[in-house]
Amino acid sequence: MERIEQLLKAKIPCKETGIEIRHTICDICCPSFHCGIDAYVKDGKVIKIEGTKGHPMNDGLLCTKGLSNREYIYRKDRILTPLKRVGKRGEGKFEPITWDEAYRICGEKLNGWKEKEGADSVMFFGGYTKWFRPWLHRFAFSFGTENYATESSTCFTSGLMAWKIATGRAAKGDMANCGVFLGWAFNPYHSRYLNGKKADAAKARGVKFIIVDPRVTPAVEKLADIHLRPRGGTDGALALAMANILIQNGWIDREYIDKYVYGFDAFARYVSQFNESNLEQLTGVPYEQAVEACRMIHENGPMAINESSAPLAHHKNGMQNYRAIMALSAITGNYDRVGGQQPITHTYIHQASGYETREEEFFESVRPVGGKKPVGAERFPLWYATEGEAQATDLARQILEEKPYPIRAMVALGLNLRMLPDTQQLIRALEKLDFFVDTDLFLTDAAKYADIVLPACSSFERGEFKSYPGGYAVYTNPVIEPLGQSKSDAQILCELAQVMGLEDDLLKSGYENCVRYIIQDLSVTVKQLKANPLPTLVPERRPYVEGAYIRGGMKTKSGKFELDSCLIGDHPEWGLDSLPTYCEPLNQADEKKYPFTLCAGARIPNAIHSRLHEVPWVRSLRPDPTADISLEDGEALEIQDKDDIEIFTEKGSITVKAHPSARVLPGMVHMYHGYREANVNGLLDGNHLDPYSGFPAYRSARCGIRKKGGEQNGINS
């Protein structure tokens, strides 16, 4: 008996304890990871988790977020049954109902608005996680509308658009074979943590690292040979100045440019204005330091670049800044080469695995024809031209103004109330909707505004198909039964399609059959994948071949890497610049009243959006909403560590703890988002958006800070 108690205490899997190890994946963060997990299960409950050794993504490693999965799936606010609102919107008063009743109400409301005002009067929105997106996308199209939007309206897609405009497909930096790594906003020890291990190995091989970041991050401390510190949102000016330095010194690949680059002469003329006379004034980076970085690039090639789609894109000038950084790989001949930027082919849900599936065909084959353009298409025409879907940053405005047409109902999966700027505007929009159904694991503040809330399950409670880099695929099996009456998001969509009578036999046939359709060109089957607890190598995988894409002609109008975009140039009515031009990032608020630059969303290692703020274990790592400011600003304002301070903008103010730090530039305020009690996105102007992508300027907004004292206007949405 004592031995069994010891085994149980140590959570040893064996016959005596009844503990089993079952394999699943973590889907707390984005689909670029979904690390392998060993779930220790006893009596149908997860009692411990570890990373899966031998898994091609994480090989036994897990970050703080992944390690919190047990606490995450057993959060006290898990939704266990369908709910019907009985109080006011936002009040959080619901009564349990059956799935049949929930589906009936949803079907009647959604089909009713389709019959009354057309399918375009209904919006379909996908938040976190992203695994169900092909199913929601197809559902929206089969329903008859292009009004499909996701949280990628503010994440990732701006960078993808930039690559599509320049080369026709996405690319990634080949850190494993480069001589110099230009780590623009590269912070793998807090975000995309698996790249930290790769960076450590590259550093040990002698790779030179140039880190570009306003903050002194662990990447700066561990890796940087040169640290460039531009003020928030001025990255484009720095990249253009670096391009000018490379051109003026002849540190470019002219033969490569003549063969494969379009618009170089116009680009060279434009970048000449970013030079020793104005670089430091524009960005804060000394010109001599930029020259030193360019010399390092020239002398240590090939060059790989990290361009992060969050910190670089979340500015009014974000996509243009991103394009300016990408241009450095073109003019130095480092695009489509070993050790440089390598074009990748999309496999499945934002993952490039070296083989192709029919994911896009799965939803594009039922795209409706002849309907109205989706939300945001008129305001952000480049977004619609490249993405073909709604831009959610224009959703609240259209609901409230009913222009160019009204939105009456919304189907959302995992909507986060704080994912968009100006939270109060989104609340007003949700209050105006006639019908709103939200699916989630938790009774979030967004779900409290819904008429019907449907309980989703976690990755531990469902099976799903997933692809991984290196040519891998997996189909997981549930490791525990769904909690309560929860169901997988995809199962909910397939069943709702049946109830609503959508003319879509494939969607109505269920998730697994849809996966068979998506992977029908692969020699591995769903049955084979489900039988293997670890990811399987797909025979159809193809290795990278240097130069194959550029030699064959890129998927652009010119067939080349376009520094001067033909797509944009062919549409002067859009009012956008075809070259990667630079503009000042900050909004037009009173500079004297709001002298600081607010960066909302600077990464911390224990959080992902607001999904982990209610998990006690990871919340304990930084229990209070906290803003990082410089030591100089702290001294000037007599603010000490853990003092209460107010961050204020024209929209209002929030109270947080202060953390003066030598890691922060004077004049900048770094604050993480998603806190119910300190919602920094509620301070942001919903119209301070990038005209190219529609992305919000989360990381460059004017603000003021002051030590707490007296009553102030609070934002606690």
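The values are calculated or read from the model by the stated rules, or taken from the named source; none is laboratory data. In this text, all values refer to a predicted model and were calculated from it rather than measured experimentally. Every residue, glycine among them, receives a Cβ derived from its backbone with ideal geometry; neighbour counts consider all protein chains shown. The protein model used for the area step is the full one, side chains on, heavy atoms only, and it has no ligands, DNA or RNA in it. Shrake-Rupley method; radii C 1.70, N 1.55, O 1.52, S 1.80 Å.
Let me know the charge dipole size of the chain about its Cα centre in debye, to the nearest 20, where only the beta-carbon of Lys, Arg (+1) and Asp, Glu (-1) is charged.
In debye, rounded to 20, the chain gives about 1320.
Computing the accessible area with a 1.4 Å probe over protein heavy atoms, can you report the carbon and sulfur percentage for the range 225-381?
43 percent
Express in nm, to one decimal, how much length is gained between L80 and T525 on full extension, taking 0.36 nm for each residue of separation and deducting their alpha carbon distance.
156.9 nm
For the range 172-246, calculate the relative contact order in percent as a whole number, restricting contacts to Cα pairs under 8 Å that are 6 or more residues apart.
Across the range 172-246, relative contact order equals 28 percent.
Of the DSSP beta bridges with both residues in the range 346-476, give the percent that are antiparallel, rounding to the nearest 5.
30 percent
For the range 438-510, take the convex hull of the Cα atoms, compute a quarter of its surface area, and give me that in nm², please.
Taking the Cα atoms of the range 438-510, their convex hull projects to 6.7 nm² on average.
What is the P(r) of the range 372-528, as percent of Cα-Cα pairs per 10 Å bin from 0?
9, 27, 33, 24, 6, 0
My understanding is that a pair violates if its Cα-Cα distance is over 25 Å; which of K164/K208; K11/K487; K197/K527; K76/K642; K198/K657; K93/K487 do that in this structure?
Beyond 25 Å: K164/K208; K11/K487; K197/K527; K76/K642; K198/K657.
Could you work out how much longer the chain between K708 and A201 gets when fully extended? Use 0.36 nm per residue separation minus the Cα distance between them, nm to one decimal.
178.0 nm
Order the peptides 402-411, 554-563, 309-318 from the highest to the lowest mean number of other Cβ atoms within 10 Å of their residues.
309-318, 554-563, 402-411
Can you give the net charge of the other residues whose Cβ lies under 9 Å from the Cβ of V526, counting K and R as +1 and D and E as -1?
Here the count lands on +2.
Under the classification rounded if a/c is under 1.5, otherwise prolate if a/b is larger than b/c and oblate if not, where does the range 200-355 fall, given a ≥ b ≥ c as square roots of the Cα gyration tensor eigenvalues? Each step should come with its number before you reach the end.
Working: a/c = 1.31, a/b = 1.11, b/c = 1.18.
Since a/c stays below 1.5, the shape of the range 200-355 is classed as rounded.
Could you give the alpha-carbon Rg of the range 191-254 over 2.2 N^0.38 Å, rounded to two decimals?
For the range 191-254, the normalised Cα radius of gyration is 1.31.
Along the charge dipole of the chain, Cβ charges K/R +1 and D/E -1, which of N195, A600, V261 sits furthest on the positive end?
N195
Express the relative contact order of the range 472-625 as a whole percentage, based on alpha carbon pairs under 8 Å and six or more residues apart in sequence.
Normalised by residue count, the contact order of the range 472-625 is 15 percent.
Per q in 0.09, 0.17, 0.18 Å⁻¹, report the Debye log10 I(q)/I(0) for the range 66-208, using one uniform scatterer on each alpha carbon and no solvent.
-0.54, -1.19, -1.25
So what J values fall out for the range 427-437 if you push phi through Karplus, 6.51 cos²θ - 1.76 cosθ + 1.60 with θ = phi - 60°, rounded to Hz, Gly and Pro as x?
Once θ is set to phi - 60°, the couplings for the range 427-437 become 4, 4, 5, 5, 5, 7, 4, 6, 8, 9, 10 Hz.
If you average the alpha carbon positions of the range 1-45 and of the range 271-319, how far apart do those two centres end up, in angstrom?
One Cα centre to the other: 47 Å.
Can you find, among Q640, L223, V180, the residue sitting farthest towards the positive end of the charge dipole of the chain, where Lys and Arg contribute +1 and Asp and Glu -1 at Cβ?
The residue sitting farthest along the positive end of the dipole is L223.
Over the range 555-597, calculate the relative contact order: mean separation of alpha carbon pairs under 8 Å at least 6 apart, over the residue count, as a percent. Mind dumping the intermediate values first?
Numbers: 21 pairs, mean separation 11.0, N = 43.
Result for the range 555-597 is 26 percent.
Rounded to whole Å and sorted largest first, list the principal axis extents of the Cα atoms in the range 1-44.
45, 14, 13
With 25 Å as the limit, write out which pairs from K373/K432; K316/K592; K84/K432; K222/K316; K116/K372; K130/K222 have Cα-Cα distances beyond it, or answer none.
K222/K316; K130/K222
What is the diffusion coefficient of the range 652-711 in µm²/s, taking the Kirkwood radius over Cα pairs and the Stokes-Einstein relation at 4 °C with a viscosity of 1.567 mPa s? Display every interim value, and only then the final one.
Numbers: Rh = 13.4 Å.
Answer from the Stokes-Einstein relation: 97 µm²/s.
Step through the residues of the range 136-146 one at a time and calculate ³J(HN,Hα) from phi using the Karplus curve (6.51 cos²θ - 1.76 cosθ + 1.60, θ = phi - 60°), rounding each to whole Hz and writing x for Gly and Pro.
Karplus-based 3J(HN,Hα) across the range 136-146 equals 5, 4, 5, 4, 4, 5, 5, 5, x, 9, 8 Hz.
Only Lys, Arg, Asp and Glu count, each charged at its Cβ (+1, +1, -1, -1), so figure out the dipole size of the range 65-201 about its Cα centre, rounded to 20 debye.
Here the range 65-201 has a charge dipole of around 360 debye.
Go through the range 31-48 residue by residue and turn each phi into a ³J(HN,Hα) via Karplus (6.51, -1.76, 1.60, θ = phi - 60°); whole Hz please, and just put x for glycine and proline.
These are the phi-based 3J(HN,Hα) values: x, 5, 10, 6, 5, x, 10, 8, 9, 7, 10, 9, 6, x, 10, 6, 10, 6 Hz.
How big is the range 322-462 by the Kirkwood estimate over distinct Cα pairs, in Å?
Every distinct Cα pair counted, the radius reaches 18.5 Å.
Could you work out Rg/(2.2 N^0.38 Å) for the range 1-96, with Rg from alpha carbons only?
1.43
Label points 7 Å out from Cα along the Cβ direction at A548 and L400: separation in nm?
Roughly 5.0 nm, to one decimal.
What are the residues whose amide H is under 5 Å from the amide H of T439, where those residues sit 5 or more places off or on another chain and H is modelled from the backbone?
Long-range HN contacts for T439: A412, L413, G414, L415, L454.
Reported to two decimal places, what Rg/Rh ratio describes the range 458-612 when computed on Cα atoms with Rh from the Kirkwood expression?
Details: Rg = 23.9 Å, Rh = 21.7 Å.
My calculation puts Rg/Rh at 1.11.
When all C-alpha to C-alpha distances in the range 458-546 are sorted into bins of 10 Å, what percent of pairs does each bin hold, rounded to whole numbers?
16, 39, 32, 11, 2, 0
Can you give the Rg/Rh ratio of the range 293-352, where Rg is from the C-alpha atoms and Rh is the Kirkwood radius?
So for the range 293-352, dividing Rg by the Kirkwood Rh gives 1.02.
For the range 555-677, report the convex hull volume of the alpha-carbon atoms normalised per residue, in Å³, without decimals.
It comes to 186 Å³ per residue, whole-number rounded.
Reported to two decimal places, what Rg/Rh ratio describes the chain when computed on Cα atoms with Rh from the Kirkwood expression? Display every interim value, and only then the final one.
Numbers: Rg = 25.3 Å, Rh = 26.5 Å.
In the chain, Rg relative to Rh is 0.95.
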